[in-house]
1. Can you report the number of residues in segment 212-226 which are at pLDDT below 85, in a helix (DSSP H, G or I) and surrounded by 14 or more Cβ atoms within 10 Å (Cβ to Cβ)?
2. Say we look at segment 240-274 and pick out the residues that are more than 14 Å from LEU311 (Cα to Cα) and basic (Lys, Arg); which of these is farthest from the chain's Cα centre (by Cα)?
3. Which one of the conditions (1) closer than 16 Å to GLY240 by Cβ; (2) part of a helix (DSSP H, G or I) does ILE352 fail to meet, given that it meets all the rest?
4. Residue by residue through segment 1-50, note down the ones that are more than 30 Å from CYS125 (Cβ to Cβ), surrounded by fewer than 11 Cβ atoms within 10 Å (Cβ to Cβ) and at pLDDT 80 or above.
5. I want to confirm something. Restricting to segment 253-269 and keeping residues that are crowded, with 22+ Cβ neighbours inside 10 Å and not aromatic (Phe, Trp, Tyr), which single residue is farthest from ALA324 (Cα to Cα)?
6. So is LYS401 modelled with pLDDT of 95 or more and part of a loop (DSSP other than H, G, I, E, B) or not?
7. For segment 353-390, how many residues meet the condition of being touching a residue at least 60 places away in the same chain (Cβ under 8 Å) and more than 23 Å from GLY158 (Cβ to Cβ)?
8. I'm trying to understand the selection: among the residues of segment 325-347, which are touching a helix residue (DSSP H, G or I) at 6+ places or on another chain (Cβ under 6 Å), crowded, with 23+ Cβ neighbours inside 10 Å and not charged (D, E, K, R)?
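The values are calculated or read from the model by the stated rules, or taken from the named source; none is laboratory data. Keep in mind that this is a model prediction, so the values were computed, not measured. Note: ideal-geometry Cβ built from the backbone for every residue, glycine included; neighbour counts use all protein chains shown.
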Amino acid sequence: MYPIYNLLLNIAFVISLPYLLLRAVLSKCEALERMGRLPREKIKFLSNKNVIWLHAASVGEVKALSTIMPELKNINPGYSLIVSVITESGKKEAERILKQVDFIFHAPIDLKKFVSRTLICLNPCALILVETELWPNLIKEAKKRNCWVALINGRISGKSFSKYLLLKSLFSETLSYVDFFCMQSGEDMERIKRLGADPDRIKVLGNLKFDRMITQISEIDKNALKKKLSIPVDVKVMVGGSTRSGEEEILVRVFKRLKENHRDLLLLLAPRHLDRMKKIERMLSHQKVDFVRRNELEGKTPLKNQKVILLDTMGELARIYAIADVAFVGGSLVPIGGHNLLEPAACGVGVIFGPYVDHFKTAADLLLQSGGGIKIKNEEELYARVSDLLKDEDKRKRMGKAAQEAVKREAGVSQKTAQSILSQLEQKLNG
């Protein structure tokens, strides 16, 4: 299957070449990195070092890395850690939160010549992939260069699993080059075994994002945060986090109905992609709902007539969940697969989500079993559940406490993952 994969990938590359050339004009550094051409000063700096290359696709995977990188450095500070990403938002997030990294760059396109060129430049002793980043040429070429390869925080969603099964012969060979799999759950383990992974190389260690949540939310002054956002202390807040197209409309309709009985309620909308902000503003204007952007609030207290705050900043949502009385996590009422359910849970806020949570199934099951989460099917159920919670403060507190305790019980994954990785890597290097 590798010859067919490479043929199709080369055809796709030729077709997309005009776009790539345009990207090269707009961002020369990114285009060169994607073709395996890295800055000379970085190559020189990394030469003769024990380099561990960690690859994360975008923001979510980068956040997962932020928990394990300090552990890797604590156990063995002698390694030089470098991180590759695919998206520009992932690169910005990596630059913002990864403090132990020596180099952040765009991953090469998964063509043999580009991957090989990158590997020659970096000469890593280990390649560590995050979650579902199973790039066939990257993995195979790394293995050819005697590089130890691992997958951490591994997960295989039901949707992805169906697609991988169609290409099982390709992924079976790809997985044979991976030395170690750290999977999030038993279900993920079974799926990757069915795709061809060696059972003796698999461990179920849990989700790194549990540690990320506990670390990030440990010290938040909720009243100070409300003041910063110009929200009066006595106002109740409904947060719609990481929302996708179609969900904002639902939340606004629900919010308008709730306002009939809860005059002190405010809606804070945090779209997953900020490039949709103007479209959401037009929708709010059409619905005759007063709104303000978060960036317009600094120093302006209190809010006047605005009923909705639009979060137009990056990296704030995880903390803002702390001021929520009720939180809905998006990507779940539309067939996206859901977004991070752990962020509001770690803040001690009960989590409401829709039926489409395949990407966070383990977290969803944990919250439902603990009583810290509510799954709803549609707009009407969302209204009924939120209305019920707004009327019952004790119920909100019990639900929030259950959610937070569930997250705390799952902490410690980053240390276990780092120890497992480095012990096996050092066995390989010393063997």
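1. Final tally of qualifying residues: 7.
2. We begin by selecting, within segment 240-274, every residue more than 14 Å from LEU311 (Cα to Cα); these are 245-247, 249-265.
From the residues that got through so far, the ones that are basic (Lys, Arg) too are 253, 256-257, 259, 263.
Values: ARG253: 28, LYS256: 31, ARG257: 32, LYS259: 32, ARG263: 35 Å.
The selected residue is ARG263.
3. (2) is the only condition that ILE352 fails.
4. LEU7, LEU8, ILE11, VAL14, ILE15
5. First, pick out the residues of segment 253-269 that are crowded, with 22+ Cβ neighbours inside 10 Å: 254-255, 266-269.
Restricting the remaining residues to those that are not aromatic (Phe, Trp, Tyr) gives 254, 266-269.
On the way: VAL254: 16, LEU266: 10, LEU267: 9, LEU268: 9, LEU269: 11 Å.
Only one residue fits best here, namely VAL254.
6. Details: modelled with pLDDT of 95 or more: yes; part of a loop (DSSP other than H, G, I, E, B): no.
Against the criterion (modelled with pLDDT of 95 or more and part of a loop (DSSP other than H, G, I, E, B)), LYS401 does not qualify.
7. Counting residues in segment 353-390 that are touching a residue at least 60 places away in the same chain (Cβ under 8 Å) and more than 23 Å from GLY158 (Cβ to Cβ) gives 7.
8. VAL326, ALA327, GLY330, LEU333, GLY338, LEU341, LEU342, PRO344, ALA345, ALA346, CYS347 - these are the residues of segment 325-347 that are touching a helix residue (DSSP H, G or I) at 6+ places or on another chain (Cβ under 6 Å), crowded, with 23+ Cβ neighbours inside 10 Å and not charged (D, E, K, R).
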